[in-house]
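Chemist: Before we start, here is the structure in question, set down as structure tokens.
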Amino acid sequence: MANSRSLQPDRLAEQVRQFLADLPACDASRSLTVAFSGGLDSTVLLYLLAELAVPAGWALHAVHVHHGLNADADAWVAHCSRICAWLKLPLRVERVHVEIAGRGLEDAAREARHAALQAAVPQGWIVLAHHADDQAETLLHRLVRGTGVTGAAAMRPLDPVRRLWRPLLNQPRSVLQAWGQSRGLNWVEDGSNTDESLTRNFLRRRVVLPLKERYPESIVNIARACRHFDEAAGLLEELAREDAAKVGQGAGARSRLCSLSAARTRNLLRFWLAGTGLPAPSAARLDELLGGLQGNRAVRWRHGGIAVCAYHAAMWFETADSGAPEAQYWHGEAELSWGEGRIRFVRGEGPQALRVDPLRQHVELGLRQGGETLRLAANRPQRPLKQLCQEADVPPWWRDCQPLLRVDGKLAWVGRLGAAADMLARPGEAGWSLEWCLPVLSL
């Protein structure tokens with residue numbers, strides 16, 4: 001997608017036409033759906049695409065998100081309906097309930113709006129009317145929160161993962177306003193835009209507007225700076241991918257990770273965590289993880305629904321636990337769920353298989369009760385499970401949910417350790433091989 005300085009209003013359509021010509025189809029639908037609020041920005045965008053999309057082979061739609069936060073919200077729906085009827089475009093209205101729940105109103109409304117857009121538009125591009133002034137506000141908002149290079153890239157013109165396209169992102173709002181006025185367009189004004197208790201409004205009125213008055217080109221320059229940050233973020237991602245291939249996961253990954261510089265280690269950890277789709281951790285929490293990975297102590301660092309784990313020289317990711325598994329009986333099923341993981345049962349024979357008949361014997365899976373011992377070979381003594389787990393590199397937190405299989409009340413098998421020697425099948429005798437599959441993630 002081309003980048004350019006601010007354009008005169010009469011060249012705005014030509015730029016959007018070029019962007020449209022370069023726009024890849026994100027699926028077979030070749031569909032564009034404008035997020036249409038009825039304000040200046042989305043009105044200009046809708047009219048531009050109404051002129052350009054169909055001749056270029058795109059189907060055009062509009063969706064309006066009704067937040068229910070403003071007394072004029074129903075009037076805005078009526079206004080948007082009239083505009084779409086005039087342009088002969090289908091309009092879908094999505095009503096959402098904004099759950100603030102300890103978050104700021106702006107963040108909660110934005111989250112609800114984006115969720116509604118994704119649900120309402122299952123295919124094709126969702127087209128947003130963000131412009132260069134919005135980009136400047138986004139950058140400032142993130143900078144005051146201490147963002148890094150990726151955050152400083154602010155909004156991207158194309159977001160293929162969420163199917164978002166922002167064709168006006170390089171243009172200041174003044175160009176959009178001049179274009180709309182030159183065509184006699186009508187739009188609604190949101191009275192809450194003057195409420196400076198909202199962070200974005202404060203930044204717009206107290207920082208961005210004075211900046212534009214003193215330095216008229218500042219908004220376009222900030223948009224260009226965001227593109228530079230985006231390029232730098234892309235280079236950091238390339239470096240992280242190279243490091244991820246070298247470090248890997250599992251045995252030896254911890255020592256390979258810690259052989260990198262601190263900056264590259266943080267970059268790789270951010271890259272891995274970003275792949276989970278969870279919000280980025282704070283710098284303090286990331287430093288906490290980095291410090292824990294140094295040395296040889298056991299680490300299970302939780303972030304949202306995942307956990308970064310390290311034990312001795314190994315490192316991996318797993319889903320966060322959902323509590324202790326409940327005891328259950330086995331009646332010959334091929335697989336049983338066990339907490340966040342599962343246990344597989346495969347028929348086998350000979351000394352590597354467990355001699356058990358689930359249809360005739362009482363077979364129960366449960367947790368430790370304390371004091372259990374196990375003999376793993378006929379020429380070895382009974383030993384406490386704690387010692388056996390330490391020798392087998394079973395992490396401490398796995399031991400809390402480690403499955404123990406008892407046959408007629410006798411301990412016969414322990415996950416990650418194996419079967420009791422006197423419970424193994426003889427050569428040629430049928431039995432079962434058991435595997436405890438843990439919820440390890442591949443990032």
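Chemist: With runs of 4+ DSSP H residues as the only contributors, calculate the mean residue ellipticity of the chain at 222 nm using -39,500 (n - 2.57) per run, divided by the residue total and rounded to the nearest 500.
Modeler: Helices in the chain give a 222 nm mean residue ellipticity of -11500 deg cm²/dmol.
Chemist: Under a point-charge model restricted to the Cβ atoms of Lys and Arg (+1) and Asp and Glu (-1), what is the dipole moment magnitude of the chain relative to its Cα centre, in debye to the nearest 20?
Modeler: The calculation lands at about 760 debye.
Chemist: Set Lys and Arg Cβ to +1 and Asp and Glu Cβ to -1, take the dipole of the chain about its Cα centre, and tell me which of Val65, Pro24, Gly341 lies farthest positive.
Modeler: Gly341
Chemist: I want to check the label-to-label distance for Gln18 and Glu429. Put each point 7 Å from Cα in the C-beta direction and report it in nm to one decimal.
Modeler: In this crude label model, Gln18 to Glu429 measures out at 8.0 nm.
Chemist: Here is a further query. Please work out the average accessible area per residue across the stretch 222-364, using the 1.4 Å probe convention, and give it in Å².
Modeler: That works out to 53 Å² per residue.
Chemist: Using a Gaussian network model of the chain with C-alpha springs under 10 Å, which one of Ala240, Ala25, Ala307 is most mobile by mean-square fluctuation?
Modeler: Ala25
Chemist: Using the beta-carbon distance between Glu349 and Arg110 and R0 = 51 Å, what value does 1/(1 + (r/R0)^6) give for FRET efficiency, to the nearest 0.05?
Modeler: Efficiency, rounded to the nearest 0.05: 0.25.
Chemist: Here is a further query. Keeping all protein chains in position, work out how much accessible area Ile83 exposes to a 1.4 Å probe, and write it in Å² to the nearest 10.
Modeler: Rounded to the nearest 10, that gives 20 Å².
Chemist: A further question follows. Measuring from label point to label point, each 7 Å out along Cα→Cβ, what is the Ala251 to Ala56 span in nm?
Modeler: The answer from the label model is 5.4 nm.
Chemist: What spacing in nm lies between the two simple spin-label points modelled at Asp287 and Lys386, each 7 Å away from Cα in the Cβ direction?
Modeler: 3.6 nm
Chemist: With θ set to phi - 60°, apply the Karplus curve 6.51 cos²θ - 1.76 cosθ + 1.60 along the stretch 416-421 and write out the HN-Hα couplings as whole Hz, x wherever there is a Gly or Pro.
Modeler: 6, 10, x, 9, 5, 4
Chemist: Given the options Thr265, Leu46, Cys401, identify the residue whose Cα lies farthest towards the positive end of the charge dipole of the chain (+1 on Cβ of Lys, Arg; -1 on Cβ of Asp, Glu).
Modeler: Positive-end residue among those listed: Thr265.
Chemist: Quick one: what are the phi-derived ³J(HN,Hα) couplings along the stretch 15-27, Karplus 6.51/-1.76/1.60 with θ = phi - 60°, whole Hz, x for glycine and proline?
Modeler: With coefficients 6.51, -1.76 and 1.60, one gets 5, 4, 4, 5, 4, 5, 5, 8, 6, x, 6, 8, 6 Hz.
Chemist: Give the lysines whose C-alpha is closer than 22 Å to that of Lys410, dropping any in the same chain fewer than 8 places away, or say none.
Modeler: Those lysines meeting the cut-off are Lys386.
Chemist: Computed from the coordinates I sent, Rg and Dmax of the Cα atoms in Å equals one of [x] 22.5, 66; [y] 23.4, 90; [z] 29.6, 93. Tell me the label.
Modeler: Computed from the coordinates, Rg and Dmax of the Cα atoms in Å corresponds to [z].
Chemist: Between the DSSP loop rule and a limit of at most 16 other Cβ atoms within 10 Å, which trypsin sites (Lys or Arg not before Pro) in the stretch 89-185 are left?
Modeler: Arg103, Arg145, Arg162, Arg183
Chemist: If you stretched the chain out fully between Arg82 and His331, how much longer would it get, using 0.36 nm times the residue separation minus the C-alpha to C-alpha distance?
Modeler: 83.2 nm
Chemist: Kirkwood Rh and Cα-based Rg: tell me the resulting Rg over Rh for the stretch 120-191, rounded to two decimals.
Modeler: Rg/Rh: 1.04.
Chemist: Out of all DSSP beta bridges in the chain, what portion is antiparallel? Express it as a percent rounded to 5.
Modeler: 75 percent
Chemist: If R0 is 30 Å, what FRET efficiency do you get for Gln361 and Glu99 from their C-beta distance, rounded to 0.05?
Modeler: 0.05
Chemist: Something else now. Please build a GNM for the chain, connecting alpha carbons under 10 Å apart, and tell me which residue among Leu269, Leu376, Leu168 fluctuates the most.
Modeler: Leu376
Chemist: Taking the stretch 201-287, which GluC sites (Glu not before Pro) meet the DSSP loop condition and have no more than 13 other C-beta atoms within 10 Å?
Modeler: In loop regions of the stretch 201-287 (DSSP not H, G, I, E or B), the sparsely surrounded GluC sites (Glu not before Pro) are Glu217.
Chemist: Could I ask something else about it? DSSP loop chymotrypsin sites (Phe, Trp or Tyr not before Pro) in the stretch 258-303 with at most 16 other Cβ atoms within 10 Å of their Cβ, which ones?
Modeler: Filter output for the stretch 258-303: empty list.
Chemist: Counting only protein heavy atoms and a 1.4 Å probe, tell me what percentage of the stretch 60-183's accessible area is made up of carbon and sulfur.
Modeler: 54 percent
The values are calculated or read from the model by the stated rules, or taken from the named source; none is laboratory data. All values derive from a computational prediction rather than experimental measurement. When we count neighbours, we look across all protein chains shown, and the Cβ atoms used for this are built from the backbone with ideal geometry, even at glycine. These accessible areas exclude ligands, DNA and RNA; they are computed on the full protein's heavy atoms, side chains included. Shrake-Rupley method; radii C 1.70, N 1.55, O 1.52, S 1.80 Å.
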